[in-house]
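K.L.:
What follows is a single structure, and I will ask about it in a moment.
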Amino acid sequence: MATEGPCSTPKPGVFDLINKAKWDAWNALGNLPKETARQNYVDLVSGLSSSSDSSSQVKPEADREQAGYETLVMTSEDGITKIMLNRPTKMNALTTQMYQEIMLALEAASKDDSTITVLTGNGSYFSSGNDLTNFTHISPDEIEEKARRGAILLRDFVGCFIDFPKPLVAAVNGPAVGISVTILRLFDLVYASDRATFHTPFSHLGQTPEGCSSYTFPKLMGPGKAAEMLIFGKKLTAAEACAQGLVTEVFPDSTFQKEVWTRLKAYSKLPRNALRISKQMIRNHEKEKLHATNAEESRILQERWLSDECMNAIMNFLSRKAKM
Ligand SMILES: CCCCC/C=C/CC(=O)SCCNC(=O)CCNC(=O)[C@H](O)C(C)(C)COP(=O)(O)OP(=O)(O)OC[C@H]1O[C@@H](n2cnc3c(N)ncnc32)[C@H](O)[C@@H]1OP(=O)(O)O
């Protein structure tokens, strides 16, 4: 293009891979003037040579922290976008603001140039699930409206995981509770520290399953094991969760970070589009079912949040300190 102007030669045959790729790139430039193409080429080459002059001048793919999040730390490096829940003193309990920021972060990650997206937690917990103070400071005349809006937020939040287009990985650095457990089935890989536990105390809270777990857990582990977790609140160790298929692999806590990130950096070098298309092929089979389950679970929870059972359980949790 830079020397001959717009593409005018015939397209090479389908098996002439190298010349066909060159032709496609040339043809894609359309009627770009020869001079502009030449300047673009010079800019590209001088950019490459100046960056390869000396290794000290190569700016490493810095851990680019993305601004605008208060409850998360979002970084992109080595083809991996990491979304880290960042309320360690509250065990990364999920506030309304956090649900919203996670949705924004997923939206941004779905469009950035990374290959893999990872969700993890800062501190000792992955997440203690829904922040139970989300249900406080509500006057009686606001309760129904708050429950209605909560159900919409829940449905939208889980919907983002169902529809996420790229490989999505959970690095479960510590215990996980409630919704931070149920959504794991919507991830493509779940790596867990051997310190992690998996606990869904819905009945204890007068609540019911979400995150599509009423469908995905029985399908994954059989109805009996799913009932132990979702109905009776049995807490699983990382090894047990791995045996049930909820966790992909367990790592010793002492080497968890090193082993997981080494593995993910290697995966992130695989062809990006192939990974994305394969993920979508695997997930597309049951998307409709997942969205229908999500809508139904959110509708039922909206009712549960208004029940005495739920309100009493939350008041019990919040008044623990006062009783101590
Ligand atoms: C839009 C709405 C969508 C709703 C979707 C619905 C989801 C359902 C669920 O997720 S159900 C699960 C809800 N989570 C829980 O029931 C866990 C509650 N927390 C605990 O049981 C414990 O805090 C613990 C086991 C996670 C940790 O116990 P530990 O004794 O180690 O630590 P503390 O209890 O002292 O916790 C430290 C401070 O963090 C606060 N905190 C922890 N988790 C939550 C939470 N989920 N909600 C609110 N606050 C939480 C805790 O109160 C302490 O705060 P303080 O230091 O200010 O007292």
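The values are calculated or read from the model by the stated rules, or taken from the named source; none is laboratory data. Just so it is clear, the model here is predicted, and its values are computed rather than measured. Ideal geometry is used to build each Cβ from the backbone, glycine not excepted, and the neighbour counts take in all protein chains shown. SASA here: full protein model, heavy atoms, side chains in, ligands and nucleic acids out. Shrake-Rupley method; radii C 1.70, N 1.55, O 1.52, S 1.80 Å.
K.L.:
Condition first: at pLDDT 95 or above, in the same structural domain as residue 226 (by TED's automatic domain parsing) and in contact with an Asp or Glu (Cβ under 7 Å, 6 or more places away or on another chain). Can you find one or more residues in segment 275-283 that meet it? Give the derivation first.
P.N.:
Step one: filter segment 275-283 for residues at pLDDT 95 or above, giving 275-283.
Of the ones still in play, those that are also in the same structural domain as residue 226 (by TED's automatic domain parsing) are 275-283.
Checking the rest, the ones that are also in contact with an Asp or Glu (Cβ under 7 Å, 6 or more places away or on another chain) come to 279.
Scanning segment 275-283 turns up at least one residue that is at pLDDT 95 or above, in the same structural domain as residue 226 (by TED's automatic domain parsing) and in contact with an Asp or Glu (Cβ under 7 Å, 6 or more places away or on another chain).
K.L.:
Tell me, please, whether a residue that is more than 20 Å from residue 99 (Cα to Cα), crowded, with 18+ Cβ neighbours inside 10 Å, more than 10 Å from the ligand (Cβ to nearest atom) and among the β-branched types (Val, Ile, Thr) can be found in segment 214-235.
P.N.:
yes
K.L.:
Out of all the residues in segment 241-298, which are polar (S, T, N, Q) and open to solvent by less than 40 Å² (accessible area, probe 1.4 Å)? Step through it out loud before you land on a result.
P.N.:
If we filter segment 241-298 for residues that are polar (S, T, N, Q), which is where we start, we get 244, 248, 254-255, 257, 262, 268, 273, 278, 280, 284, 293-294, 298.
Answer for segment 241-298, where residues must be polar (S, T, N, Q) and open to solvent by less than 40 Å² (accessible area, probe 1.4 Å): 268, 293, 294, 298.
K.L.:
Restricting to segment 122-137, and then to whatever is small (Gly, Ala, Ser) and open to solvent by 40 Å² or more (accessible area, probe 1.4 Å), can you tell me which residue is farthest from the ligand (Cβ to nearest atom)? Full working, then the answer.
P.N.:
Here is the first cut: in segment 122-137, the ones small (Gly, Ala, Ser) are 123-124, 127-129.
Subset that is open to solvent by 40 Å² or more (accessible area, probe 1.4 Å): 123-124.
Details: 123: 10, 124: 8 Å.
By that ranking, first place goes to 123.
K.L.:
Right, another one. Let me spell it out: the conditions are (1) more than 8 Å from the ligand (Cβ to nearest atom); (2) crowded, with 17+ Cβ neighbours inside 10 Å, and residue 94 meets all of them except one. Which number is the exception?
P.N.:
(1)
K.L.:
Looking only at segment 119-150, which residues are part of a strand (DSSP E or B) and among the hydrophobic types (A, V, I, L, M, F, W, C)? Working first, answer last.
P.N.:
Initial filter on segment 119-150 (part of a strand (DSSP E or B)): 119-121, 127, 130.
If the condition is that a residue be part of a strand (DSSP E or B) and among the hydrophobic types (A, V, I, L, M, F, W, C), then 119 is the only one that fits.
K.L.:
Which residues, counting only those in segment 143-152, are surrounded by fewer than 17 Cβ atoms within 10 Å (Cβ to Cβ) and within 9 Å of the ligand (Cβ to nearest atom)?
P.N.:
149, 152
K.L.:
Still on this structure, please answer the following. Between a first residue in segment 97-112 that is within 16 Å of residue 67 (Cβ to Cβ) and away from the ligand (no atom under 16 Å from the Cβ) and a second residue that is modelled with pLDDT of 95 or more and part of a helix (DSSP H, G or I), which pairs have beta carbons less than 9 Å apart while being 6 or more apart in sequence or on different chains?
P.N.:
The qualifying pairs are 107/160.
K.L.:
Does residue 140 satisfy being open to solvent by 10 Å² or more (accessible area, probe 1.4 Å) and either touching a residue at least 24 places away in the same chain (Cβ under 8 Å) or farther than 30 Å from residue 116 by Cα (or both)? Working first, answer last.
P.N.:
Values: open to solvent by 10 Å² or more (accessible area, probe 1.4 Å): yes; either touching a residue at least 24 places away in the same chain (Cβ under 8 Å) or farther than 30 Å from residue 116 by Cα (or both): yes.
It is true that residue 140 is open to solvent by 10 Å² or more (accessible area, probe 1.4 Å) and either touching a residue at least 24 places away in the same chain (Cβ under 8 Å) or farther than 30 Å from residue 116 by Cα (or both).
K.L.:
Sticking with this one: Could you list, in sequence order, the residues of segment 161-204 that are part of a helix (DSSP H, G or I), within 13 Å of the ligand (Cβ to nearest atom) and either open to solvent by 40 Å² or more (accessible area, probe 1.4 Å) or not assigned by TED's automatic domain parsing to the domain that holds residue 248 (or both)?
P.N.:
Result: 203, 204.
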